[in-house]
Amino acid sequence: MLWALAVADTAALLLDGDGALTHANTAAQVLAARLHPDDPAAEPAALLACVPDRAWDAAGGDGRWIGEVATAQPGLVLEIKFFSSVQDGARRGLVVMSDVSARAARERELQRRHDELQQTYSRLAGAQEQLLQSEKMASIGQLAAGVAHEINNPIGYVHSNLGTLQEYVGALFALLEGYSAALQSDDPAAQRAALQNTRDRLDIDFIARDLPQLLAESREGIERVIKIVQDLKDFSHVGRGEPMRPSDLCKGLESTLNIVWNDLKYKVRVEKHYGELPLVECHLSEINQVFMNLLINAGQAIAERGSIVLATGSEDGEAWISIADTGCGIPDEALQRIFDPFYTTKPIGRGTGLGLAIAYRIVAKHHGRIEVASQPGAGSTFRVVLPLVQPPQAEAPAA
Ligand SMILES: Nc1ncnc2c1ncn2[C@@H]1O[C@H](COP(=O)(O)OP(=O)(O)OP(=O)(O)O)[C@@H](O)[C@H]1O
Ligand SMILES: [Mg+2]
């Protein structure tokens with residue numbers, strides 16, 4: 001037994017009933033010297049100073065204690081196993097010590113890297129949040145030209161209508177002048193023919209028919225501008241930190257369609273099959289961004305002419321919105337990748353490959369899913385499915 005201890009490469013210390021050292025092996029001597037490098041005569045007994053009080057207590061009680069202790073020597077970490085038992089009426093102890101400094105250092109390094117990764121992860125999550133916002137702003141930037149056009153159109157005809165209305169008002173005032181001159185004359189009845197003449201010359205009958213139409217058209221134009229501006233406002237709303245609210249997804253889809261309309265109207269016919277849709281608890285401005293990315297993709301998938309069918313419905317506590325296009329479709333091997341960030345088949349400058357990745361992330365955050373069915377050459381259908389009510393843990397802060 002003592003021979004085995006002598007050749008073992010872990011330090012072993014045998015103790016008597018009082019805890020005094022009765023035997024130490026060579027490895028213990030070596031370890032004692034490492035513990036006190038400035039004292040060449042360091043005795044193995046000095047190692048016992050490393051055994052913590054709780055180890056003595058535990059070994060005395062349960063018969064064993066195993067643990068790791070950092071020593072006074074910087075970087076030197078020992079694993080200590082302390083066994084104690086009574087044999088032939090006498091208590092004896094065995095303390096085995098191994099140098100686990102390398103392992104402890106590795107573990108510290110691992111912990112450090114883990115903490116670093118954790119920090120990077122938090123930063124990444126923050127950056128992703130920012131990316132989400134800036135992608136939204138970038139897409140608004142891209143759409144700005146289209147939106148400006150959408151606003152310019154009604155403004156253009158309202159402006160031209162105002163010019164015509166100004167002429168009409170001039171004619172009406174001229175007629176009024178004629179009437180008041182006739183009223184003030186000695187024989188108003190004699191002015192009848194002259195007045196009729198003025199009426200015909202000023203084309204008052206036409207003005208009477210055209211004026212209400214012009215006014216209605218102008219009002220409609222201004223309302224369209226108000227609507228687009230409101231949609232843009234809703235769309236760019238940040239809403240960070242706000243709770244999710246029960247929202248009308250159909251309204252969201254309609255206002256998003258308004259914003260992207262300029263990109264679609266020349267080649268796409270839009271069909272709508274809206275079913276019953278209860279309010280859905282969500283951040284509507286984020287869901288609008290999902291709609292926008294899907295609508296733009298659908299438009300871009302259609303080369304010349306085609307249609308987009310929008311449908312909504314709800315079942316089993318979930319709402320769904322589908323956007324189906326008659327575009328180029330997606331081959332099977334690409335279907336696996338379309339949600340990957342930066343996956344794009346579009347030319348540089350047209351696509352960054354972030355649209356669907358961001359849509360996926362937003363929908364996942366809402367505990368929903370996006371389903372895709374596609375047939376190359378025939379078209380694709382993207383279906384966004386969202387729970388009507390968020391599960392209770394939804395409000396808990398993300399880990
Ligand atoms: N409706 C669709 N029809 C056909 N292919 C589609 C459709 N939607 C997405 N894809 C394919 O998935 C790829 C990734 O789409 P995603 O929206 O993520 O990026 P992108 O449209 O290429 O660029 P970005 O949206 O950043 O401008 C597209 O490049 C396209 O190949
Ligand atoms: Mg896209």
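The values are calculated or read from the model by the stated rules, or taken from the named source; none is laboratory data. Values in this document were obtained by computation on a predicted structure and should not be read as measured data. Methodologically, a virtual Cβ is constructed for each residue, glycine included, from the backbone with ideal geometry; neighbour enumeration extends over all protein chains shown. Surface accessibility is based on the protein's heavy atoms, side chains included, excluding ligands, DNA and RNA. Shrake-Rupley method; radii C 1.70, N 1.55, O 1.52, S 1.80 Å.
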**Q.** Amide N of the stretch 44-70 lying under 16 Å from the label point, which is placed 7 angstrom from the Cα of Q118 along Cα→Cβ
**A.** none
Q: Find the accessible area per residue for the chain; the probe is 1.4 Å, ligands and nucleic acids are left out, and the unit is Å².
A: 58 Å²
(Q) As a test question: what accessible area, to the nearest 10 Å², does C328 have when a 1.4 Å probe is rolled over all protein chains in place? (A) 80 Å²
Q) Using a Gaussian network model of the chain with C-alpha springs under 10 Å, which one of S218, S255, S101 is most mobile by mean-square fluctuation? A) S101
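With a sphere of radius 11 Å drawn around the Cβ of V100, what net charge do the other residues whose Cβ falls strictly inside it have (Lys, Arg +1; Asp, Glu -1)?
On the way: positive: R103, R106; negative: E68, E79, D99, E107.
With Lys, Arg at +1 and Asp, Glu at -1, the neighbours total -2.
Where the accessible area of the chain is counted over protein heavy atoms with a 1.4 Å probe, how much of it, in %, is carbon and sulfur? The partial results should precede the final answer.
Details: 12880 of 23140 Å².
Ligands and nucleic acids excluded, carbon and sulfur reach 56 percent.
How large is the Rg to Rh ratio of the chain when both quantities use alpha carbon positions and Rh follows Kirkwood?
On the way: Rg = 41.5 Å, Rh = 29.3 Å.
My calculation of the ratio gives 1.42.
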**Q.** Solvent-free Debye scattering, log10 I(q)/I(0), computed from the Cα coordinates of the stretch 2-99 at q = 0.21, 0.22 Å⁻¹
**A.** -1.06, -1.16
Q: Give me the angle, in degrees from 0 to 90, between the Cα long axis of helix 53-62 and the longest principal axis of the Cα atoms of the chain, rounded to the nearest 10.
A: 80 degrees
Q) Where is the GNM fluctuation largest for the chain (alpha-carbon springs, 10 angstrom cutoff): L295, L15, L284? A) L15
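Tell me the mean residue ellipticity at 222 nm calculated for the chain from its helices only (DSSP H runs of n ≥ 4, each -39500 (n - 2.57), averaged over every residue, nearest 500). Before the final figure, lay out the partial values.
Details: 10 runs with 203 residues, N = 399.
The helix contribution divided over the chain gives -17500 deg cm²/dmol.
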(Q) Just to be sure I understand: with springs between alpha-carbon atoms less than 10 Å apart, which residue in Q73, Q289, Q111 has the highest mean-square fluctuation in the Gaussian network model of the chain? (A) Q73
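Which order do the peptides 51-58, 378-385, 307-314, 319-326 take when ranked by the mean count of other beta-carbon atoms within 10 Å per residue, highest first? Walk me through the numbers before you get to the answer.
On the way: 51-58: 14.8, 378-385: 19.5, 307-314: 18.0, 319-326: 21.6.
Output ranking for 51-58, 378-385, 307-314, 319-326: 319-326, 378-385, 307-314, 51-58.
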**Q.** Principal-axis tilt of helix 26-35 within the chain, Cα atoms, nearest 10 degrees
**A.** 50 degrees
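Could you please report the charge total around V385, scoring K, R as +1 and D, E as -1 over all other residues with beta-carbon less than 15 angstrom from its beta-carbon? List each step's numbers first, then the result.
On the way: positive: K365, R369, R383; negative: E281, E315, D316, E318, E371.
Summing Lys/Arg as +1 and Asp/Glu as -1 gives -2.
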Q: Report Rg/Rh for the stretch 158-215, rounded to two decimals, where Rg is the Cα radius of gyration and Rh the Kirkwood radius.
A: 1.08
Q | Cut-off of 10 Å, at most 16 other beta carbons, DSSP loop: longest stretch of the chain lacking such GluC sites (Glu not before Pro) | A | 1-275
Q: Could you calculate the FRET efficiency of E107 with D53 from 1/(1 + (r/R0)^6), where r is the beta carbon distance between them and R0 is 30 Å, rounded to 0.05?
A: 0.75
Q: Could you tell me which of the pairs K265/K365; K267/K365; K267/K346 are separated by over 29 angstrom between their Cα atoms in the structure shown?
A: K265/K365; K267/K365
Q.
Could you check the spin-label model distance between V270 and L388? Points 7 Å from the Cα along Cα→Cβ, value in nm.
A. 2.6 nm
Q: Report the semi-axes of the equivalent ellipsoid for the stretch 56-196 in whole Å, largest first, where each axis is √(5λ) for an eigenvalue λ of the Cα gyration tensor.
A: 106, 18, 9
